[in-house]
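Please read the structure below before turning to the comments.
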Amino acid sequence: MALRNILKDGDAALLKKSRAVTDYNARLHKLLDDMRETLIEANGLGLAAPQVGVLRRAVLVVDTSIESEDVSDQIIELINPEIIASSGEQDGAEGCLSAPGIYGMVKRPQLVKVRATDRYGKEFEAWGEGLTARAFCHELDHLDGIMFSTYVSRYLTDEEMDELASRREGEDA
Ligand code: NI
């Protein structure tokens, strides 16, 4: 595994639509393994392939509802993911590993259901609630070249960010 460079806001690749994954090969597995290491190192809640410069529909999401001390047990790999159902609404602080230190209020569904395949091409469905639902939405947006700033109603002040940091919420995706 190797760390990959996370592209920062302003990089044209972050505004492009990613193509479907068609080959479930060693190259894909290497990409996912590297993304996993990069996500853990960055202490984020999710990472999308275009954030490391690969315009393919693959994302990782940290599902905090999975009980484990080890974050690597909580990481879900989603290939060619689609949101197939959503309900409710939440308004909360959101950030992005491609926009370090910037947080804004974004409305997202409270609950989302996602259909995707795993790294071998096997289809599965997953539910996400709260922060995990937010991360699913945020990461899937990256696959369509959409940055969270598109939806920000207002940005957080330094004071609010300090408070957020102390509550360990609104982590970067
Ligand atoms: Ni992001």
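The values are calculated or read from the model by the stated rules, or taken from the named source; none is laboratory data. Since the model is a prediction, treat every value here as computed from it, not as a measurement. Cβ: placed from backbone, ideal geometry, glycine included. Neighbour counts: every protein chain shown.
Quick notes
- Among the residues of the stretch 131-163, those identified as hydroxyl-bearing (S, T, Y) and away from the ligand (no atom under 16 Å from the Cβ) are S153, T157.
- In the stretch 106-125, the residues that are part of a loop (DSSP other than H, G, I, E, B) and either free of Cβ contacts under 8 Å to residues at least 24 places away in the same chain or within 12 Å of I84 (Cα to Cα) (or both): Q110, K122
- Each residue in the stretch 4-48 was checked for being within 24 Å of E94 (Cβ to Cβ) and in contact (Cβ under 8 Å) with a residue 24 or more places away in the chain, and 28 of them qualify.
- Among the conditions (1) away from the ligand (no atom under 14 Å from the Cβ); (2) within 15 Å of D34 (Cα to Cα); (3) under 14 Å from the mean Cα position of the chain (by Cα); (4) among the aliphatic types (A, V, I, L, M), the only one that V112 does not satisfy is (2).
- Filtering the stretch 136-165 to residues that are closer than 11 Å to Y103 by Cβ, assigned to a helix (DSSP H, G or I) and modelled with pLDDT of 90 or more leaves F148, S149.
- Restricting D23, D11, D34 to those that are within 15 Å of the ligand (Cβ to nearest atom) and over 13 Å from the mean Cα position of the chain (by Cα) reduces the list to D11.
- Figure legend. Inter-residue proximity from the stretch 138-161: first residues acidic (D, E), second residues surrounded by fewer than 16 Cβ atoms within 10 Å (Cβ to Cβ), beta-carbon distance below 6 Å, spacing 6+ or different chains. Indicated pairs: D144/K17.
- Taking (1) assigned to a loop (DSSP other than H, G, I, E, B); (2) without any contact (Cβ under 8 Å) to a residue 40 or more places away in the chain in turn, T64 satisfies each apart from (2).
- Criterion (within 16 Å of the chain's Cα centre (by Cα), within 12 Å of the ligand (Cβ to nearest atom) and outside any helix (DSSP H, G or I)) met by exactly one of G128, G95: G95
- Checking I79 against (1) in contact with a Ser or Thr (Cβ under 8 Å, 6 or more places away or on another chain); (2) within 16 Å of the ligand (Cβ to nearest atom), the condition it does not meet: (2)
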